[in-house]
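A.B. asks: Provided herewith is a single structure, encoded as structure tokens, for subsequent inquiry.
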Amino acid sequence: MKYLLNLLGLSLLLLSSCGSKGKKEEVTEVKKPNVLFIAVDDLNTWLGCYGEHACAKTPNIDKLAGDGVFFTNAHCQAPLCGPSRASLMSGLRPSTTGQYGMVHDNEVRRDDNPATKDIIFLPEYFRNNGYHTMGIGKLFHNHAPDGVFDESGGRVKGFGPFPEKRFVWDGRGSSNPKQYGKTNTDWGAFPEVDTLMPDHQSADWIIERLGRNYEQPFFMGLGFLRPHVPLYVPQKWFDMHPLENIELAPYKTDDLNDVPPVAFKINDLPMMPSTEWAIESGEWKNIIQAYLACVSFVDYEIGRVLQALEKSEYADNTIIVLWSDHGYRLGEKGTFAKHALWEPATRAPLMFAGPGVPKGKVVSTPAEMLSIYPTLLDLCGLPEYDRNEGVSLAPVILGQDNAKDAYALTTFGMNNHGVKSGGFRYIRYEDGGEELYDHNKDPYEFTNLASDEKHQATIEKMKAYLPKNNALWDEHSGYRFQPYFVEQKARVLGHK
């Protein structure tokens, strides 16, 4: 069943021939909706539309949320760029593919991985169904596998531009270079103007193409780099966020006293600034200011694109989806990073707008980024793809399902999972270690209830959402950023 066709009645359009008697009415198939697919790297929930952080200034994203359906409780499939994006674009969970770490775009689909050897990526599915596909920026981990788009604008390598010297953080912290990777984490006002930012150039590329004429419906992918570190944008974006207005993220020094040992291994990130360092150095507000400045910059670029769409001939026939690959911690749980199964690392924006999509609807039940693929197929009236492991959100968008039993599953490394459902977050690690948080009473996940007998029934219910199969690590997928993932991959594959 194609939900867009039910809602819009767009399967057929009856056109009378000038009202003349005796002439047959012509039946014309309506052109399928276009798709504007906007990915924002490392975007967490510090947006105005969430109403949780007064210091956020994101008018364009807020407007988009109000113009469509906003999923406020959406979660990634992996709190890391590579596996998250591979999952979304393939429609498969990391636990199915074994792609728990980074994997080159051209190696997501390979003959020696039975799960992905013949998978059809999201943009390809649209192309196979008559769409002209275009993409620029960070969509997969880098940009996109070769040949996925009819037109590719590529991606500027890395996350620059960079100043000659780091402003604050050296990318190493207290880490051992032999065991930990070096990060781009740093913050400050740079460069002087927006036009030097790759994201501005990507927006220009999309805007130019929105002014063209197309014989086919189009799928247009736009991947923004910011607010991925380094947190560099021009000074004017910092000026929008005076330090005196910056609020801090929730943090307790003893927050991790009740988590299993494996959680410490995963959260072992000495190359990142720690919250304690940020407090002692006086940099905590500066980091958050820089993050918010980057978000406001990207919000402006999104506004430029949406304004161009509104002025184009495609304004009334384009489905827009905006999403992020995961959240980002701004001091919660002791650090500034994604890399965790806790709420601020997994929760990220997801919103749909366009023809047939209700305006101003907010959905607070859990949703998965994995659902974007099947949802877009439904909203565009395309055939279902039976390989998709995500569930279409179209029934929820159109009010045909209240999603009361919805859940979201996040995986980080083999057999480490987090589940969000029914107001609880449940985490189960590979060694059986557990965490349980009641978000109705403890939204910041300060108190682990896993050992409380009163909550064992809840834990058993949450366990039912865990994947039954946990594929071994894909040989071509890895993460050498910290020892835990290197050791886990070597252990399960039986080699060093």
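A.B. asks: Quick one: 3J(HN,Hα) in Hz for the range 132-138, Karplus 6.51/-1.76/1.60 with θ = phi - 60°, rounded, Gly and Pro as x.
C.D. replies: 8, 10, 9, x, 8, x, 8
A.B. asks: Any chance you could tell me what percent of the C-alpha pair distances in the range 331-427 go past 16 Å?
C.D. replies: So the pairs more than 16 Å apart make up 62 percent of the total in the range 331-427.
A.B. asks: What percent do you get for the relative contact order of the range 111-245 when only Cα pairs under 8 Å and 6+ apart count?
C.D. replies: 31 percent
A.B. asks: Right, another one. Sorting Y232, Y385, Y407 on the 10 Å Cβ count, fewest up front, what's the list?
C.D. replies: On the way: Y232 25, Y385 16, Y407 21.
Sorted ascending by nearby Cβ count, the order is Y385, Y407, Y232.
A.B. asks: At 0.36 nm per residue, and after removing the present C-alpha to C-alpha distance, how many nm does the segment from S174 to K157 gain when stretched out fully?
C.D. replies: On the way: separation 17, 0.36 × 17 = 6.12 nm, distance 2.71 nm.
Separation in residues times 0.36 nm, less the Cα-Cα distance, equals 3.4 nm.
A.B. asks: Now a separate question. Could you give me the radius of gyration and the Dmax of the range 361-496, taking only the C-alpha atoms into account and expressing both in angstrom?
C.D. replies: For the range 361-496, the Cα-based Rg and Dmax read 17.6, 51 Å.
A.B. asks: I've got another one for you. If we count other beta carbons within 10 Å of each Cβ, what is the order of K333, K404, fewest first?
C.D. replies: K404, K333
A.B. asks: Then there is this: With +1 on the Cβ of every Lys and Arg and -1 on the Cβ of every Asp and Glu, and nothing else charged, how large is the dipole of the range 34-408 about its Cα centre, in debye rounded to the nearest 20? Display every interim value, and only then the final one.
C.D. replies: Details: 33 positive and 48 negative charges, 74 e Å.
The calculation lands at about 360 debye.
A.B. asks: Hey, if you put +1 on the Cβ of every Lys and Arg and -1 on every Asp and Glu Cβ in the range 312-418, which of G418, M369, L382 ends up farthest toward the positive end of that dipole?
C.D. replies: Toward the positive end, the furthest listed residue is G418.
A.B. asks: Can you work out ³J(HN,Hα) from phi for every residue in the range 402-417, in order, using Karplus 6.51 cos²θ - 1.76 cosθ + 1.60 and θ = phi - 60°, giving whole Hz and x for Gly and Pro?
C.D. replies: 8, 6, 5, 9, 5, 8, 9, 10, 10, 10, 9, x, 5, 6, 10, 9
A.B. asks: Related question: How would the range 174-214 be classified by its alpha-carbon gyration tensor: rounded, prolate or oblate, with rounded meaning a/c under 1.5 and the a/b versus b/c comparison settling the rest? Kindly include the intermediate steps, with their values, before the conclusion.
C.D. replies: Working: a/c = 7.55, a/b = 2.36, b/c = 3.19.
Verdict is oblate for the range 174-214.
A.B. asks: Can you tell me the relative contact order of the chain? Whole percent, Cα pairs under 8 Å, sequence separation 6 or more.
C.D. replies: Relative contact order, the chain: 26 percent.
A.B. asks: Moving on to the next point. Would you compute the Debye intensity of the range 112-248 from its alpha-carbon atoms alone, equal scatterers and no solvent, and pass along log10 I(q)/I(0) at q = 0.12 Å⁻¹ to two decimals?
C.D. replies: -0.67
A.B. asks: Separate question: For the pair E310/L493, report the inter-label distance in nm, with labels modelled 7 Å from Cα in the Cβ direction.
C.D. replies: 4.9 nm
A.B. asks: Which ³J(HN,Hα) values in Hz, rounded to whole numbers, follow from the phi angles of the range 236-251 under the Karplus curve 6.51 cos²θ - 1.76 cosθ + 1.60, where θ = phi - 60° and Gly and Pro get x?
C.D. replies: 4, 6, 5, 4, 6, 10, x, 4, 5, 9, 6, 9, 8, 6, x, 7
A.B. asks: OK, next. What nm distance separates the two modelled labels at S451 and E52, each placed 7 Å from Cα along Cα→Cβ?
C.D. replies: Here the modelled spin labels are 2.8 nm apart.
A.B. asks: Tell me the label-point distance for the pair K441, D268, using the 7 Å Cα-to-Cβ offset, in nm and rounded to one decimal.
C.D. replies: Roughly 3.4 nm, to one decimal.
A.B. asks: I would also like to ask the following. In what sequence do T447, T133, T410 fall when counting other Cβ within 10 Å, fewest first?
C.D. replies: Neighbour counts put them in this order, fewest first: T447, T133, T410.
A.B. asks: Consider all pairwise Cα distances in the range 233-330 and report the whole-number % of them above 19 Å.
C.D. replies: Summing the P(r) of the range 233-330 above 19 Å gives 61 percent of all pairs.
A.B. asks: Compute the normalised compactness of the range 171-307: alpha-carbon radius of gyration over 2.2 N^0.38 Å, N being the residue count.
C.D. replies: Taking the Cα Rg and dividing by 2.2 N^0.38 Å, one obtains 1.34.
A.B. asks: Express in nm, to one decimal, how much length is gained between V193 and L248 on full extension, taking 0.36 nm for each residue of separation and deducting their alpha carbon distance. Numbers along the way, then the final one.
C.D. replies: Values: separation 55, 0.36 × 55 = 19.80 nm, distance 2.81 nm.
Value of the extension gain: 17.0 nm.
A.B. asks: For E151, enumerate residues with amide H under 5 Å from its amide H, sequence gap 5+ or separate chain, H modeled in the peptide plane.
C.D. replies: Amide H neighbours of E151: T133, M134, G135.
A.B. asks: Sticking with this one: So if I take the alpha carbon set of the chain, get Rg, then get Rh from the Kirkwood formula, what is the Rg over Rh ratio?
C.D. replies: Values: Rg = 22.6 Å, Rh = 23.3 Å.
That ratio is 0.97, to two decimals.
A.B. asks: Still on this structure: Once the dipole of the chain is set up with Lys and Arg at +1 and Asp and Glu at -1 on Cβ about the Cα centre, which of V486, Y465, H143 lies farthest towards its positive end?
C.D. replies: Farthest towards the positive pole: H143.
Taken together, the values in this text are just the output of simple stated rules run on the coordinates, not laboratory data. Treat the numbers as computed from the prediction; the structure is a model and nothing was measured. Ideal geometry is used to build each Cβ from the backbone, glycine not excepted, and the neighbour counts take in all protein chains shown.
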